[in-house]
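Written below as structure tokens is the structure these notes are about.
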Amino acid sequence: MVNALDILRERGFIKQLTHDEPLKDLLGRKSVTCYVGLDPTADSLHIGHTVPIMALAHLQRAGHRPIVILGGGTAMIGDPSGKTDMRPMLTALQIEHNVRGIAAQLDRFLTADEPRPTYLNNNAWLSELAYIPFLREVGVHFSVNRMLTAECYKGRLDGGLSFIEFNYMLLQSYDFLHLYRNYGCRLQMGGDDQWSNILAGADLIRRVEREECYGITYPLVTTAGGKKMGKTEAGAIWLDAERTTVHDFYQYWRNTHDADVERFLAIFTFLPMSEVRRLGQLAGQDINEAKKILAFETTKLVHGEDKAKKAELAATALFAGGEDNTGVPTVYIAPHILEEGRSVADLLVEANIMSSKGEVKRLIQGGGLYINSARIDNADLVVDKNFLTAGRIEVRRGKKSFTYIKPSH
């Protein structure tokens, strides 16, 4: 049987890890409990969050037990990793709402089969900590000098690091200790910006429990153009269809750069690596077939097969002259808006197709905005009911991102 560590390495999930050979030996000998943590800063995951979840899913498929920590407790503090400023403080109600939203999305990746996944909110134990006993048990094992050399803190020293954020490493380390004590967890995984926190947790267990635990970090996934994965001019690509429509989600993957196709198939789908390599070797026009498979597989995973098929049919209709466009997202607006008329910039913001007039103007300046197939070069152009064709107005952003505007009844 293939070792789970080899699976993760082959598919591109590993950037750094502790104790390569001992960890591989452990994963080959027994079922290992492993975890990733997600701080609920929003009520939905975005594409970038799926990297650790996909890795956890591969471990589950290899017979290991997955735990996902929904960080209701650590979100009260705010992770300073990768941030130039302190994160906005969320209320307890906001955090609880976000936890519910994210928990509902995890079953799309982790199955109910054995070993079953466990979802935990670390607020259950962190909120019960007494400060002085916590400092005596945990804080005594942390060197301030060493903490200040960690990447998660070092980049913040010039701009200011709040004391509340300084506690984050201790709390994440305590999570690992808690999971080791109560669930036998031996492996923590996270993005490469979590390396210092993961090492600190493993070191805490070694000092307190005299046991060896392990860590893996994933590389920061960027596109061939250098953009952070899942980020577009319009913002993040979310798993929640209310935030990112199924059509736009599908199109994001369909527009993948040729150089990214094989890597993204390996990370974001469960296709066998033999198929991933075959598709990755396609060139010229043939690479579009690989992109269609990437778009379909990722959309099926997140939104289900039926919606993925509709998005695929809609894309075919738009780009190949088909007739089924039922998958194109439609925005309904009050009839009086088109009766009165609105500038292009006002209309797209009012219809929530774009987030700001500045964003609309930048898109126009780049030559990427079309209405009813006509390129728009003036943000002040007034759009009214005369633009309706077959009861709708077609808005295209870039080459392949379509939205219909229709007056509500």
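The values are calculated or read from the model by the stated rules, or taken from the named source; none is laboratory data. Bear in mind that the values here come from a model prediction, so they are computed numbers and not experimental data. Positions of Cβ are generated from backbone atoms using ideal geometry, with glycine treated the same way; all protein chains shown enter the neighbour counts.
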- Query: Which residue, of Val395, Val383, is surrounded by 12 or more Cβ atoms within 10 Å (Cβ to Cβ), over 24 Å from His257 (Cα atoms) and either aromatic (Phe, Trp, Tyr) or in contact (Cβ under 8 Å) with a residue 12 or more places away in the chain (or both)?
  - Reply: Val383
- Message: Given the criterion modelled with pLDDT of 90 or more and within 29 Å of the chain's Cα centre (by Cα), identify the matching residue among Ala295, Ala351.
- Response: Ala295
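Results for (1) surrounded by 15 or more Cβ atoms within 10 Å (Cβ to Cβ); (2) of a type in the set (Asp, Glu), shown as yes or no for each residue.
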site: Ala112; (1), (2): no, no
site: Tyr119; (1), (2): yes, no
site: Trp125; (1), (2): yes, no
site: Glu128; (1), (2): no, yes
site: Pro133; (1), (2): no, no
site: Asn145; (1), (2): no, no
- Message: Please verify whether Val68 is of a type outside the set (Ser, Thr, Tyr) and under 30 Å from Thr299 (Cβ atoms), treating the condition exactly as stated.
- Response: yes
- Message: Among the residues in the stretch 145-155, are any modelled with pLDDT under 80, charged (D, E, K, R), part of a loop (DSSP other than H, G, I, E, B) and more than 20 Å from Tyr183 (Cβ to Cβ)?
- Response: no
- Quick one: which residue in Arg392, Arg342 is closer than 24 Å to Lys310 by Cβ and outside the structural domain of Gln251 (by TED's automatic domain parsing)? Arg392
- Query: How many residues does the stretch 199-220 contain that are of a type in the set (A, V, I, L, M) and touching a Phe, Trp or Tyr at 6+ places or on another chain (Cβ under 8 Å)?
  - Reply: 5
- Note on the structure: Filtering the stretch 351-363 down to residues that are surrounded by fewer than 15 Cβ atoms within 10 Å (Cβ to Cβ) and either in contact with a strand residue (DSSP E or B) (Cβ under 9 Å, 6 or more places away or on another chain) or among the charged types (D, E, K, R) (or both) yields Asn352, Ser355
- Those helices (runs of 4 or more DSSP H) lying entirely in the stretch 265-321 with at least 3 residues without any contact (Cβ under 8 Å) to a residue 12 or more places away in the chain and more than 25 Å from Gln105 (Cα to Cα): 273-280, 305-320
